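Encoded as structure tokens, the structure appears first; notes follow it.
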Ligand code: HAM
């Protein structure tokens, strides 16, 4: 009796991207790279695994990501704790410090790829997902802050997105936050009866995050809490005002959202998110802000910086709703053949066609003409080349157009000498 093996499936929240959708990813990646090049951003590739303490220190001990979402493990008893990156920023800053790349000039950098967070999976929220993360290291702003937002607005236009809106806030500087924090803790203490477990646990460690609650019972308390904006000094206010002015000049509309605090602790001054009404609960397509203290916190010299990341799954979902991509044809020519000699000839002719740069599929194995035509049609090829017994004997080949031409007509099938094939196809492709 033969043994049957149990199937192995992918991990929950981690998706396979199959060929019927991977072409959309490739298209998007191409557009992103072109867009990034237009603004002078260069690619940096850091490891997926980093020491856990990089993220604990960089993102902050009292954040959802570090407290409960990181994939962390040890290899062997004495090894250090390692973590699969939950975002790119901390790793990029680590690499910049380690290789002294901001030593004599600022850097515009980007990374694209998988990141990992152990969240509860649902539509638009996964455990492995993809980000493009854009980081400008060594820039004080506010000019670059505005440029990054204008840059995003250009991307949405390039991709044909409409339902996407900018939310903006300023978190001020450390001392301003400290004064606000003290006032906020007083407010939380006065309303301790409405705080949930998370709120009580965080009211002294991270009171600002308590306001970021989704708990409806806490909304009223959160709305009445002292506003950070009222604690900002002249310089912080001027920084923010300058960004607003530049956005207005660029014709970009925005909402100031005083409750926008972001889920990572490294931010100061500018923070922003782009949100959409079209994706249900997972509405944030892009988030970012200024992180002037991160470089120093990770052992480098003080370096002002700002960046953002776009979630690619969410961006693709939004694109599909807005207009979608038109599937490109993956094949130019499909070669159909019958008999041993024709099969060999087909291989030779295919190589001649590939010399021209065309994309060619030769039918593999034997099948009826009818079955082969079906395959040719579903391959998306523009032409089928047919090599039957008579074609081989007479050194001819038939060209059968498979798609309508620009006038909406289907051209006739023709049979020509094999020697004329390339010239004939050059006219048609
Ligand atoms: P973030 O807001 O944690 O920021 O993530 C950025 C984007 O990643 C989100 O706006 C969302 O589109 C996407 N995203 C987050 N979690 C998930 C998930 N579980 N499934 C699918 N998509 C998700 C950062 O990561 C910062 N490093 C951004 C940054 C760069 N700040 C400065 N530089």
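Please report the antiparallel percentage of DSSP beta bridges with both residues in the chain, rounded to the nearest 5.
Working: 48 of 61 bridges.
Roughly 80 percent of the DSSP beta bridges within the chain come out antiparallel.
Roughly what % of DSSP beta bridges within the stretch 333-428 run antiparallel, to the nearest 5?
50 percent
Here the scattering of the chain is modelled by Debye summation over its C-alpha atoms, one equal scatterer each and no solvent; at q = 0.09 Å⁻¹ the log10 of I(q)/I(0) is -0.72. Binning the C-alpha pair distances of the stretch 51-179 at 10 Å intervals from 0 yields a P(r) profile of 10, 29, 39, 19, 3, 0 %, listed from the shortest bin outward.
Principal-axis analysis of the Cα atoms of the chain puts helix 174-190 at an angle of about 70° to the longest axis. Apply the a/c threshold of 1.5 to the C-alpha gyration tensor of the stretch 253-341 and tell me whether it is rounded, prolate or oblate. The shape class here is oblate.
For the stretch 1-121, just say rounded, prolate or oblate: build the C-alpha gyration tensor, square-root its eigenvalues into a ≥ b ≥ c, call rounded for a/c under 1.5, and beyond that prolate if a/b exceeds b/c, oblate if not. Walk me through the intermediate numbers first.
Values: a/c = 2.33, a/b = 1.24, b/c = 1.88.
Oblate.
Give the shape of the stretch 173-288 as rounded, prolate or oblate, defined through the alpha-carbon gyration tensor: a ≥ b ≥ c are the square roots of its eigenvalues, a/c under 1.5 means rounded, and otherwise the shape is prolate if a/b is larger than b/c and oblate if not. Since a/c reaches 1.5 but b/c is at least a/b, the shape of the stretch 173-288 is classed as oblate. The ranking of 116, 110 by Cβ neighbour count inside 10 Å, starting from the fewest, reads 116, 110.
What is the gain in length, in nm to one decimal, between residue 30 and residue 122 on full extension, counting 0.36 nm per residue of separation less the C-alpha to C-alpha distance?
Details: separation 92, 0.36 × 92 = 33.12 nm, distance 2.76 nm.
Taking residue 30 through residue 122 to full extension adds about 30.4 nm, to one decimal.
Working from Cα pairs under 8 Å separated by at least six residues, relative contact order for the stretch 333-428 is 28 percent.
Measuring max minus min along each principal axis, the C-alpha atoms of the stretch 287-399 give extents of 78, 33, 22 Å (largest first).
Tilt of helix 369-378 relative to the longest C-alpha principal axis of the chain, in degrees (0 to 90, nearest 10)? The angle comes out near 30 degrees. Restricting to Cα pairs below 8 Å that are 6+ residues apart, what does the relative contact order work out to for the stretch 145-297? Please round to a whole percent. Relative contact order of the stretch 145-297: 37 percent. For the chain, adding -39500 (n - 2.57) for each run of n ≥ 4 DSSP H residues and dividing by the number of residues yields -11000 deg cm²/dmol at 222 nm.
Comparing Cα centroids, the stretch 195-242 and the stretch 394-422 end up 69 angstrom apart. Computed over the stretch 333-428, the quotient of the alpha carbon radius of gyration and 2.2 N^0.38 Å is 1.00.
Across the chain, Cα pairs under 8 Å and at least six residues apart give a relative contact order of 14 percent.
Every read-out reported here was derived from the displayed coordinates using simple, explicitly stated rules and does not represent laboratory data. Keep in mind it's a predicted model, so treat the numbers as computed, not measured. Cβ sites come from the backbone with ideal geometry, for glycine too, and all protein chains shown count toward neighbours.
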